Every structure is written in C-alpha cells, then in structure tokens.
1. Taking only segment 56-109 into account, find how many residues are in contact with a Leu (Cβ under 8 Å, 6 or more places away or on another chain) and either among the β-branched types (Val, Ile, Thr) or more than 22 Å from residue 126 (Cβ to Cβ) (or both).
2. Can you name the condition, by its number, that residue 99 falls short on among (1) surrounded by fewer than 18 Cβ atoms within 10 Å (Cβ to Cβ); (2) hydrophobic (A, V, I, L, M, F, W, C); (3) out of contact with any strand residue (DSSP E or B) (no Cβ under 6 Å at 6 or more places or on another chain); (4) within 30 Å of residue 148 (Cβ to Cβ)?
3. Kindly indicate whether residue 114 is farther than 30 Å from residue 196 by Cα, among the aliphatic types (A, V, I, L, M), free of Cβ contacts under 8 Å to residues at least 12 places away in the same chain and surrounded by fewer than 19 Cβ atoms within 10 Å (Cβ to Cβ).
4. Taking segment 58-111, which residues are of a type in the set (S, T, N, Q), more than 16 Å from residue 36 (Cβ to Cβ) and touching a residue at least 12 places away in the same chain (Cβ under 8 Å)?
5. Checking residue 53 against (1) touching a helix residue (DSSP H, G or I) at 6+ places or on another chain (Cβ under 8 Å); (2) under 18 Å from residue 90 (Cα atoms); (3) free of Cβ contacts under 8 Å to residues at least 40 places away in the same chain, which test does it fail?
6. So which residues in segment 51-85 are part of a helix (DSSP H, G or I) and either within 16 Å of the chain's Cα centre (by Cα) or surrounded by fewer than 17 Cβ atoms within 10 Å (Cβ to Cβ) (or both), if there are any at all?
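Just so it is clear, none of the values below were taken in a lab; they were calculated from the coordinates. Fair warning: this is a prediction, and the values are worked out from it, not measured in the lab. Every residue, glycine among them, receives a Cβ derived from its backbone with ideal geometry; neighbour counts consider all protein chains shown.
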Amino acid sequence: MSEWHRFESRADLDQELASLAATTLTAAIETRGHGYLVVSGGSTPLGFFQALSQHQTLDWSKVTVTLADDRWVAPGHADSNETLVYENLLQNAASGAAFASLYSGDETPEKGVATLEAKFAALPTFDLVILGMGGDAHTASLFPNTPALTQGLDPQSPHALIAVHPTTAPHARISMTLARLLRTENLVLHITGANKSEVFEQAIAPESHATDMPIRAVALQQQTPLQIYYAD
C-alpha cells in the first residue's frame, strides 16, 4: 500500500518534503497543540533537513523531533544521528524544537532500551515518520538477518524500542520497532538514486522475504499508507 511521488531533482524533493512536514506539523499543532516528527539519519535527508529548518511560519516551540534509530554512541560523536540532526535540522527557525534522544548514556543499547522504553511507548501517535533505506534494504536499524529483526518487524509488538547488533554495519544500535513507527498519521520513505529504487522493487517482489529485505514489511503492511518520495 504505497504511493510514489517522483521529482525531477533531489532539490525539488527536499523542498516538497519540507513543505509536507511543515504543513503536517502545523495542522497537528492546530488540532492537539503539539506536533511529533520522526526522522532518519544518513546523507539522503540532509537537504531536506536544511530546507525544513528554514520554515519560519511553523511554531517550532510546539514540535518534538526524534529519530527512528541511532548508533549507540554519545551525542557529539561523528557517527551519531543525533549529532546529524542538531547540525542540520535543529538550526535556524527549527532551533526552538524539542528533541527526544534515543541515547540514554547507559553502557549498552540493551540497558538503554530498558531506560527509554516507557518514554517512547508513551509518546502519542506521531504526525509524520520519515524513513530511509539502505542498499541492503534495511530501514531504521532493522537490519537483515539479525537476531532482533523478528521482534523489530512484529506489527503487534508491545515494544517501542529494540537493541540491534548488525553484522554488516559499525556500532551497536537502538531502533524503534515497526509497530512503534507505524503509530503515525503519515509515513514516508525518502530514497534517491536508481539503485535504491531497484532495491525497493526487489524487496516487494513475490519471491522476497522481509527477513532478507526488511523494507518489505514497511511497504506491504496495511496499517499506515506509505508515501515514497523519490528522485534520481
């Protein structure tokens, strides 16, 4: 259950996705007094972050931003998604937003999950979740063929967070579960480049499996419609 939005350039995509986020969050503030935005790390969203940070008509003091996942490193570390968000999104007009960190300071992500689970489980329905996808079809830190994947992809899981130890990427991770990510009014997959498009199409093919290509579970679920924002 997905709808493609294709753009002539990545710059056009960034601007349109920023407009979608600003409009969605403004509507949420008008409806319930606060907006909740979940974003992802990596290089793909950098232009979007910078475009969204310029939206001055959005009341950022009534917005909470958080991440779909993060590496288990302290904020300020070069590999931290939190650092990426602070340096690229929570700037300019967006500097007034609140940020809900996925890092607790505990020694391991397992201990971090225990510390943070209640907080993230209790957050209300998100207004907008924006996911990315790796070349191996992982999304958030739901990596193929990892022990935590079964729990992470369970749409009925009572858990908001899981600890992840990928074998194909550095650092232990903490990730929202698919069940927590799907508790959102709007769900977007933000991908760029022909290779990513091909990976996605392969993931939704009948012969594919979510254990090998986790984005399949996001694309084929029937709970929350998926919008795909794509540019070459």
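1. 5
2. Just one mismatch for residue 99, condition (3).
3. The answer is yes for residue 114.
4. 80, 81, 88, 91, 92, 95, 104, 108
5. Among (1) touching a helix residue (DSSP H, G or I) at 6+ places or on another chain (Cβ under 8 Å); (2) under 18 Å from residue 90 (Cα atoms); (3) free of Cβ contacts under 8 Å to residues at least 40 places away in the same chain, residue 53 violates only (3).
6. Of everything in segment 51-85, those that are part of a helix (DSSP H, G or I) and either within 16 Å of the chain's Cα centre (by Cα) or surrounded by fewer than 17 Cβ atoms within 10 Å (Cβ to Cβ) (or both) turn out to be 52, 61, 81, 82, 83, 84, 85.
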